Structure formats: C-alpha cells, structure tokens
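Data block below; observations after.
The values are calculated or read from the model by the stated rules, or taken from the named source; none is laboratory data. Quantities reported herein were computed from a predicted structural model and do not represent experimental measurements. Don't worry about glycine lacking a Cβ; one is built from the backbone with ideal geometry, like all the others, and counts go over all protein chains shown.
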C-alpha cells in the first residue's frame, strides 16, 4: 500500500509517517519504480504500536528502544515494565511537587487577601 493508504488506515498523517522513517521508528519501505513508497501490513501494525505507546506516555526515544529490542529478536516486555515503573515514579514525584505548589499558592492567596495593596514593585505578594 502507498503512504496515503497507510496514513488513512492507521489515522496518522503521511508527514508523520515520513518523520518516523527519518528517525528510525519505521523502516524504510520498498519503493515502486515511480519512487512511491510501498508498505506491507507490518508497517500498519508498527504504527499502531507507536500510537498506543504514545497514548500511555512513552516518548519517541523510548518507543524506538522498544522497537529496537524487538527488531533484534529480543523480548521487550521486561524493558517496557522498567519504563512503566520509572514513569510511575516520575509521575508520583510530579504529583508531590504539584501538591507543594498548591499549598504554597493557597498560602499566598490567603496572605494576599489579608494584606493591603503595597506601593511600587511588581507585586509584594510574590516579591516577599
């Protein structure tokens, strides 16, 4: 199938498919005599995997690692589990940081409402 057909089949713009080829997520396809790309069904499966991996938060670099393992004949599930565990730790740290920020913003809001407006500067609430 040609790039437009593949793009439609997996709901990915043709430009994205070309980009994925350029960065090595998708192998270069065979070419017709007229230069058009010719994809087989495995390209669609691979693109669907890329989309699914992105949907759960994997970066393109992480997806490329997973695909490279599979292409080398290795089972990538152990690596995927490590990535998932790492992402859970990262999200947990982000939640903690956001909670601290929320507490600080509430404190600032309460202090600002209780204080009178100051002269000069940007905003005494933040400058302190």
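Exactly one residue out of 98, 83 is in contact with a helix residue (DSSP H, G or I) (Cβ under 7 Å, 6 or more places away or on another chain), surrounded by 10 or more Cβ atoms within 10 Å (Cβ to Cβ) and assigned to a helix (DSSP H, G or I): that is 83. Let me confirm something: among 56, 50, which residue is at pLDDT below 95 and within 14 Å of the chain's Cα centre (by Cα)? Within the list 56, 50, the selection yields 56. When the stretch 19-61 is filtered for residues that are surrounded by fewer than 13 Cβ atoms within 10 Å (Cβ to Cβ) and either in contact with a strand residue (DSSP E or B) (Cβ under 9 Å, 6 or more places away or on another chain) or assigned to a helix (DSSP H, G or I) (or both), the ones remaining, listed by number, are 22, 28, 30, 31, 32, 40, 41, 42, 45, 52, 55, 61.
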